[in-house]
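Asker: Sharing a structure below in structure tokens format, with a few things to ask.
The values are calculated or read from the model by the stated rules, or taken from the named source; none is laboratory data. Remember, predicted model here, so these are calculated numbers, not experimental data. Methodologically, a virtual Cβ is constructed for each residue, glycine included, from the backbone with ideal geometry; neighbour enumeration extends over all protein chains shown. Note: areas computed on protein heavy atoms with side chains; ligands, DNA, RNA excluded. Shrake-Rupley method; radii C 1.70, N 1.55, O 1.52, S 1.80 Å.
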Amino acid sequence: MSWVTIDQGKCTTCGICVLRCPRCFSLKDEKVSVQADEKCCIVCGHCVSLCPADAITHHRMDMNNFEPVGTPVQFPPDAFMHFIRERRSHRQFKKKEVAKSTIQQLIEAARFAPTGSNVQSVEIIVLENGDRKKRLSDLTIDFFVEMGANAAETLKTLPAGPASPARLQLEKLLRYRDNMLQARSVGYDPIFHHAPVVLMFHSLLETSTPKDNCVIASTTVGLFARTLGLECTYIGLLEIAARSYPPLAEAIGLPEGHQIQSVLIVGYPKLKYLRLVDRNPIRVRWE
Ligand SMILES: Cc1cc2nc3c(=O)[nH]c(=O)nc-3n(C[C@H](O)[C@H](O)[C@H](O)COP(=O)(O)O)c2cc1C
């Protein structure tokens, strides 16, 4: 049984579906045939979206969700570039709740981000509860305290001499530990920065491109959030700790085989950046 069928009464044999997806569609004797199943179809919906005759039905997809594209949105390139350059990592937030409906909008943006082989593996944990945030933040700090202790021991064994990359890395871990402990001692959360919302993007590891799927989803959310007046920061610290520190992984409680792959803090920004910032030119090799 094919997952996709063609209404032959509507099909004009234009061949667009065959051009786009020769794995599932074929044109023979002026008739288009389709055999779409797990061997060839990744349920991307491109065949339905492209068919000018509305002749294709995908039985694994909700056909009500194929609204017409209509007039494509046009962003003036300068404005869009400005929007990209204006984005900043924000770590100071207003004490203003983010409405549930707004968070739902962010989740909806993640839904439409692309995934490798269209696996749609991204899942999100929305963290709003203050006690939960404190618990996960504390465990992340605990992890870096342990890492700092290990680094201090290793540093003692390194020969004196010019600073090696290994030494610099260990010294960085010590600074992380000290800064985090100092922040925590004065009631500051150095992991989530008291953001009202934390979004943890996770995926089954044994699937296509789990990390990319989550990072693309979080990046899509981060940019879309800006249109709602929200700002974000990626929190790699939690991601690293969640991967390496069983007490934190246990406290988060992911489905079997999943791993946190990207984390965003989200809130209404307290600070307003007045200038775009400088960045190094990208090193490019033209071929
Ligand atoms: C993958 C990734 C992980 C990051 N992790 C953290 C983090 O754990 N904590 C934090 O405060 N900022 C984190 N950042 C924010 C960076 O420090 C920030 O993007 C960088 O300094 C550039 O500033 P900008 O985002 O305003 O351009 C992270 C950024 C990225 C891309």
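Asker: At a 1.4 Å probe radius, carbon and sulfur cover how many percent of the accessible area of region 4-65?
Answerer: Carbon and sulfur: 50 percent of the exposed surface of region 4-65.
Asker: Would you mind estimating how fast region 1-131 diffuses translationally, via Stokes-Einstein at 25 °C and 0.890 mPa s with the Kirkwood radius over Cα pairs, in µm²/s?
Answerer: Once the numbers are plugged in, D ends up at 132 µm²/s.
Asker: Go ahead and set up a Gaussian network model of the chain, Cα springs under 10 Å, then flag whichever of Thr115, Thr140, Thr57 fluctuates most.
Answerer: In this elastic network of the chain, the residue with the biggest mean-square fluctuation among Thr115, Thr140, Thr57 is Thr57.
Asker: Given a 1.4 angstrom probe, I'd like the percentage of the accessible area of region 134-185 that is carbon and sulfur, rounded to a whole number.
Answerer: With neighbouring chains kept in place, the figure for region 134-185 is 58 percent.
Asker: While we're on this one: Kindly give the semi-axes, whole Å and largest first, of the ellipsoid equivalent to region 93-194, taking each as the square root of 5 times a Cα gyration tensor eigenvalue.
Answerer: Output for region 93-194: semi-axes of 36, 21, 11 Å.
Asker: Right, here's the next one. What nm distance separates the two modelled labels at Ser117 and His46, each placed 7 Å from Cα along Cα→Cβ?
Answerer: 1.6
Asker: Can you give the alpha-carbon Rg of region 4-65 over 2.2 N^0.38 Å, where N counts its residues?
Answerer: 1.00
Asker: Sticking with this one: May I ask you to give the average projected area over all directions of the convex hull of the Cα atoms of region 181-287, in nm² rounded to one decimal?
Answerer: Directional mean of the projected Cα hull area for region 181-287 stands at 10.5 nm².
Asker: Continuing with this model, one more query. For a Förster distance of 41 Å, can you work out the FRET efficiency between the beta-carbons of Asn280 and Glu30, rounded to the nearest 0.05?
Answerer: Calculated transfer efficiency: 0.10.
Asker: Evaluate E = 1/(1 + (r/R0)^6) for Arg132 and Thr154, where r is the Cβ-Cβ distance and R0 equals 25 Å; express this FRET efficiency to the nearest 0.05.
Answerer: 0.15
Asker: Could you pull the accessible area for His82 with a 1.4 Å probe, rounded to 10 Å²?
Answerer: 90
Asker: Largest first and to the nearest Å, give the Cα extent of the chain along each principal axis.
Answerer: Answer, in whole Å and largest first: 78, 47, 42 Å.
Asker: Between Arg167, Arg91, Arg135, find the one with the highest GNM mean-square fluctuation for the chain; connect C-alpha pairs within less than 10 Å.
Answerer: Fluctuation is largest for Arg167.
Asker: Another question, then. Given the options Glu146, Glu67, Glu239, state which has the largest fluctuation in a GNM of the chain using a 10 Å cut-off (strictly under) for Cα springs.
Answerer: Result for the chain, Cα springs under 10 Å: Glu67 fluctuates most.
Asker: To the nearest 10 square angstrom, how much accessible area does Asp142 have with a 1.4 angstrom probe?
Answerer: Spelled out: Asp142, probe radius 1.4 Å, area about 50 Å².
Asker: Leaving out ligands and nucleic acids, note down the accessible area per residue over region 134-185 with a 1.4 angstrom probe, in whole Å².
Answerer: In whole numbers, region 134-185 has 61 Å² accessible per residue.
Asker: Any chance you could tell me what percent of the C-alpha pair distances in region 134-185 go past 13 Å?
Answerer: Here the long-distance tail beyond 13 Å is 58 percent of all Cα pairs in region 134-185.
Asker: May I pose another question? May I ask you to give the percent of accessible area on region 196-250 that is carbon plus sulfur, with a probe radius of 1.4 Å?
Answerer: C and S atoms contribute 63 percent here.
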